[in-house]
1. Can you run down the residue pairs with Cβ atoms below 7 Å, 6 or more apart or on separate chains, where the first is in region 565-577 and at negative phi and not assigned by TED's automatic domain parsing to the domain that holds Asn334 and the partner is of a type in the set (D, E, K, R) and surrounded by 12 or more Cβ atoms within 10 Å (Cβ to Cβ)?
2. In the list Tyr427, Tyr478, which residue meets the criterion of being outside any helix (DSSP H, G or I), among the aromatic types (Phe, Trp, Tyr) and either in contact with a His (Cβ under 7 Å, 6 or more places away or on another chain) or under 29 Å from Tyr518 (Cβ atoms) (or both)?
3. Just to be sure before I move on: is Leu629 on the phi < 0 side of the Ramachandran plot, part of a strand (DSSP E or B) and within 38 Å of the chain's Cα centre (by Cα) in the structure I sent?
4. Considering only region 604-616, state which residues are under 26 Å from Ala344 (Cβ atoms), part of a loop (DSSP other than H, G, I, E, B) and not hydrophobic (A, V, I, L, M, F, W, C).
5. Given the condition within 22 Å of Ser255 (Cα to Cα), in a loop (DSSP other than H, G, I, E, B) and among the hydroxyl-bearing types (Ser, Thr, Tyr), answer yes or no: does some residue in region 522-529 qualify?
6. Return the total of residues in region 589-613 being within 37 Å of the chain's Cα centre (by Cα) and either closer than 17 Å to Asn648 by Cβ or crowded, with 16+ Cβ neighbours inside 10 Å (or both).
7. Only residues in region 22-46 that are not small (Gly, Ala, Ser) count as the first member; pair them with residues that are not in a helix (DSSP H, G or I), Cβ under 7 angstrom, at least 6 apart or cross-chain, and list the lot.
8. I'd like the full set of residues that are over 27 Å from Val100 (Cβ atoms) and at pLDDT 95 or above, limited to region 306-325.
Amino acid sequence: MLKKIFNKENYKRICAFFVKHAVLYCFLLSMAVNLVVEMLSRQSVIRGIIHVFDSPAVFLYNSLLIFAVSLISLFFKRRAFALTLAVFPFLALGVINCAVLAYRVNPVSATDFVKIKSIFGIFNLYLEGWVFAVAVLAVILIVAGFILLFIYCARRRRLVNVAVVSIPLTVVAISIFLSVCIQNGFISKKFTNLNDAYEDYGFVYCFSCSVFETGIARPSDYSEEKVVTILDEIKAEETLSPEEKPNVIFLQLESFFDVNHVTSLKYSENPIPFFTSLKNNFPHGYLKVPYIGSGTANVEFEILTGMSLEFFGPGEYPYKTVLQNTACESVAFNLRELGYKAHAIHNHKGSFYDRAHVFSSLGFDTFTPLEFMQDVTYNAIGWANDSVLTKEIITALDSTEEQDLVYAITVQAHGVYSEEKVDGVDYIFDVETLNPETEVDETAFEYYLTQLRADDDFLKELLSLLSQRDEKTVVVMYGDHLPYFGLKDSEVDNGDVYQTEYVIWSNYDLDAEARDLYSYELTSHILGELGMNNGLITKLHQNSSSDEDYYKYLEMLQYDMLYGEKECYGYDIGYTPTELQMGIIPLEITSISNTYFGLEVKGEAFTEFTRVTINGEKQETQFIDNNTLLVPDIEIIYGDIITVKQTNGKRTTFAESEPVIAGEDI
């Protein structure tokens, strides 16, 4: 029976039919491609098929988006080649998304490609070498396939008239259908949760929104009068003058949460005893964050600015968009008004998420990334150990006479969490699964717990040192998000895997209230507990959070500050970027000398990322110790100009010393 249906003659008839009815073929192919993409997005063939029947309107709309692109093929003689080229990006994005979801919970968005340069630097921590080889081979095969298809593709008559008519009609149909879907609640333009949006509205639509909908849309009632009304409501002119101004330290702990909240797992002992004791003795509460498993920079953005990501484009990272050229109200700018110096510290590379540039737009005076840290050690999978931050935080506090704001970001507990034992890791915890339906892998979680214990020890050491200082100091520590282990709301006793926790520690008697907060409310709450209210966003959170129009006001101010006319600042332009100093201690050359082994350079603040240049040319540099560099097999002569530069190990230079001329006194 099948042989009769799929014989050569029938195959020719089918091909001839679809050649004649090219538009129909494009539509059917678009539906097939969309189905495959949804299967990949859901990592399940069955769930992809179920989506078609559960949400037929959504599936049809996403298919129409692919269909509109596929119709471009009608303009070309090599129609099959053009059609394949048109639909291939959707399939490729589906495959990429499926692969990404194996390592994190958040689906792929356009911003992932904007920050791809940053991601390249950590690929080796996630993927083994053979994966790169397979990926390269796949790219070569795909390119070869397209070349062969182009060469052997049959030439057909161009259907220009059909394309000219069908493409505009399809675009109009898409617009009308989208309006109908939105009115009936099938699709929404607001993504309160990116993961749920991709699940409910389909991959193609959500990814398209992330491409074309960035920034904050202009509110329909935006005007100078409306902004003035908000300023009156939040009492913008009333700025407090606090009696005490302690040092303020924010510790953003990578993938950190109290694992004792997990009800589906049992541990041989409490992995974080010190953090538990902190919660028993200091104010603490839940912190609602927008991500699981990734999105550190966006949680960071909400904490620093008090702004909500809900009003930005789907999956957008403001670090890679608006903050590239716009300064923004932040806790750093707010505390600078009170005489504070603002320091950012992160034991990962300074170019990651473009922090070395963005922290200027956020009002910091200094930024100390990994490249400027000495005596760094690394965990078994390659992340810098967080213990190095203790020295860096103390150095920042000691560097000024003024009060200090320190924003420190850890990295050690970052994934990937291997489901096989990792060499060099002492697995000191046993994990027992209490719920057989949990997706958590015991071995991977045991590794994660070792990193939590290391962070617990780091907190204990840091707070011990801070408790001995004469300066009054407040430390706010919190997890940026839960790690991705497939935990469900039902597996944590607070019922929400989007909640981490924060603790307010102080080395003096601080009568602080702790309540459950959204991440964008945290800094305003802390400032309020310290008797401070600098900043318009701060005043909004402190004075109007219970008002009916609170979120409308927040959206209006965010738009006005970042994209609007800056009416909230009156005739002022608002904030201007700071002159960001990279590192606390400046690079310095104290001596140079020719030795048997080459040029020896002595100085200050050298790290494994420091490079020597001679007459402007970067040299092969060996790091000997924190004060010594060697350029092997080089002999300088009178008049040569020597500098040292702090780099990211590649092309980016973050700082450089004053030049030294050979033969002249230093």
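The values are calculated or read from the model by the stated rules, or taken from the named source; none is laboratory data. In this text, all values refer to a predicted model and were calculated from it rather than measured experimentally. Ideal geometry is used to build each Cβ from the backbone, glycine not excepted, and the neighbour counts take in all protein chains shown.
1. Listed by first residue and then by second, the contacts come to Glu567/Glu224; Glu567/Asp560; Cys568/Asp560; Ile573/Lys566; Tyr575/Glu329.
2. Matching residue, one of Tyr427, Tyr478: Tyr478.
3. Yes; evaluated as a whole, the condition is true for this residue.
4. Answer for region 604-616, where residues must be under 26 Å from Ala344 (Cβ atoms), part of a loop (DSSP other than H, G, I, E, B) and not hydrophobic (A, V, I, L, M, F, W, C): Thr607, Glu608.
5. No, every residue in region 522-529 fails to be within 22 Å of Ser255 (Cα to Cα), in a loop (DSSP other than H, G, I, E, B) and among the hydroxyl-bearing types (Ser, Thr, Tyr).
6. Of the residues in region 589-613, the ones within 37 Å of the chain's Cα centre (by Cα) are 589, 603-613.
Subsequent filtering for residues that are either closer than 17 Å to Asn648 by Cβ or crowded, with 16+ Cβ neighbours inside 10 Å (or both) retains 589, 603, 605-613.
Summing the residues that are within 37 Å of the chain's Cα centre (by Cα) and either closer than 17 Å to Asn648 by Cβ or crowded, with 16+ Cβ neighbours inside 10 Å (or both) in region 589-613 gives 11.
7. Glu38/Gly202; Gln43/Leu101
8. As a first pass, look at region 306-325 and keep what is over 27 Å from Val100 (Cβ atoms): 306, 325.
Once the filter is applied, which keeps residues that are over 27 Å from Val100 (Cβ atoms) and at pLDDT 95 or above, region 306-325 yields only Gly306.
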